[in-house]
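Data first, discussion second: the structure below is written as structure tokens.
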Amino acid sequence: MTAQPPRHDFGPSAQEQADLREHAAFTAAQDPLALAAATWFSRRKNLDVQQQAEFAAWLAADARHAQEYARLKDTHRAVRRIPAHVAARWTVPQPSPAPVSAPARHWLRTLPYAAAAMLLLGVGAGGYHWWQQPVFSHSYATVRGQRLAVALPDGSQVQLDTATQLHVTVYRQRREVRLAQGEALFQVQAKQGQPFDVLSGPLTVTVVGTQFAVRNTLAHDGQLRVAVQHGHVRVAGARQEQVDLTAGQGVAADASGRLSAVASLAPDSIAPWRNGRITFDNVPLGTALAEFERYGDTGFIVRDPAVARLRIGGSFSLTQLDRFGAALPQLLPVQIVRSGSANEIRMAAKMPAQAPAMQLQQNK
């Protein structure tokens, strides 16, 4: 099997780039406190348990936060009283300044400045929140044996492993990736006030700027895994469980979102597939073969559960599976027997009373 060379996605369109520049210019011109209050207000109906706690902490951190948020609520009530035919003109920012009608001038004069700003942003007028609309949205996928490198419009980089599906959405206040299956390595560009979340099964991984891998093989082996190469991430699972991971650490979870203990990881064990390799650390032979099968047909089968339980470890090339098969009888008490169109791995005629775990380091 030969792994296909990575393709490159050359990023957003000219319009998407213009939207991102517009967002950056808009954010830079706003009062940080008012912008933070508006962001929390716009998300108030969609906060999960962790986000509710973060919102409560934000309110308690400074008396001005609660005051600004209360002012925003008053503004929202005032905006909702504006007649629809007046508010409609201000729901979406206009491409160029337009004359303001007499009714609009009347309502803008009767509201505080913050209300006028909210009206221009579209808050409350028919429920259309301009800044909540995506400025970039795209799906990416790889087939079996393929890898893909993607450049996101915010400067972040994503590498997709074999049989991976994910969707990226960039909003003006946050970035969100949904990993449906497979594995991806993320190198996140830090953006102040614009968190980067990866949602996969019941897990949410939140970062600001780092390099980490998320793997969702629930359909394959029933597990989710997160591994950090650089920086810091927070992993939230079920029942409000969450752990913080730093470089060289990883955590696994099952389909219910129950988190394992934090594990220490070797640097070369994080996403080795990006270099065309696959790494095992004292795993059952059956598990190793199943992992190879994710990248393509191996031609090997195991029918004997005792053979499948034999343990092996090491680093192997994804493009030289024949060497792996040729070395197995030298390292494990097995033999390769042709069985129809496949090669069956069977227990050798003479097997030691207890076969030790074997390590194989395949030459590049």
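The values are calculated or read from the model by the stated rules, or taken from the named source; none is laboratory data. Since this is a predicted model, take the numbers as computed values, not measurements. No Cβ is skipped: glycine too gets one built from the backbone with ideal geometry, and neighbour counts run over all protein chains shown. All accessible areas refer to the heavy atoms of the entire protein, side chains included, with ligands and DNA or RNA removed. Shrake-Rupley method; radii C 1.70, N 1.55, O 1.52, S 1.80 Å.
Checked against (1) open to solvent by less than 10 Å² (accessible area, probe 1.4 Å); (2) out of contact with any Pro (no Cβ under 7 Å at 6 or more places or on another chain), Q159 meets all criteria but (1). Considering region 265-292, and only residues there that are open to solvent by 60 Å² or more (accessible area, probe 1.4 Å) and more than 12 Å from S315 (Cα to Cα), the residue that is farthest from the chain's Cα centre (by Cα) turns out to be T287. Checking each residue in region 254-284 for being part of a loop (DSSP other than H, G, I, E, B) and farther than 16 Å from T217 by Cα picks out A261, V262, L265, A266, G276. For R105, are the conditions met, namely being over 30 Å from Y295 (Cα atoms) and at pLDDT below 95? Yes.
Scanning region 162-198 for residues being touching a Gly at 6+ places or on another chain (Cβ under 7 Å) and open to solvent by less than 20 Å² (accessible area, probe 1.4 Å) gives a total of 3. Just so you know, in region 300-344 the residues that are in a loop (DSSP other than H, G, I, E, B) and modelled with pLDDT under 90 include one that is nearest to P267 (Cα to Cα), and it is L318.
Do the conditions hold for G201, that is, is it open to solvent by less than 10 Å² (accessible area, probe 1.4 Å) and on the phi > 0 side of the Ramachandran plot? Considered against the rule, which asks whether it is open to solvent by less than 10 Å² (accessible area, probe 1.4 Å) and on the phi > 0 side of the Ramachandran plot, G201 comes out as no.
Determine if region 61-78 includes at least one residue that is at negative phi, modelled with pLDDT of 75 or more, of a type in the set (D, E) and surrounded by fewer than 12 Cβ atoms within 10 Å (Cβ to Cβ). Within region 61-78, one or more residues are at negative phi, modelled with pLDDT of 75 or more, of a type in the set (D, E) and surrounded by fewer than 12 Cβ atoms within 10 Å (Cβ to Cβ). Per the conditions (1) in a loop (DSSP other than H, G, I, E, B); (2) open to solvent by less than 30 Å² (accessible area, probe 1.4 Å); (3) in contact with a helix residue (DSSP H, G or I) (Cβ under 6 Å, 6 or more places away or on another chain), the sole criterion not satisfied by Y295 is (3). Those residues that are more than 16 Å from L265 (Cα to Cα), open to solvent by 40 Å² or more (accessible area, probe 1.4 Å) and not in a helix (DSSP H, G or I), I need them from region 220-253; list them, please. Correct list: Q223, R234, E241, Q242.
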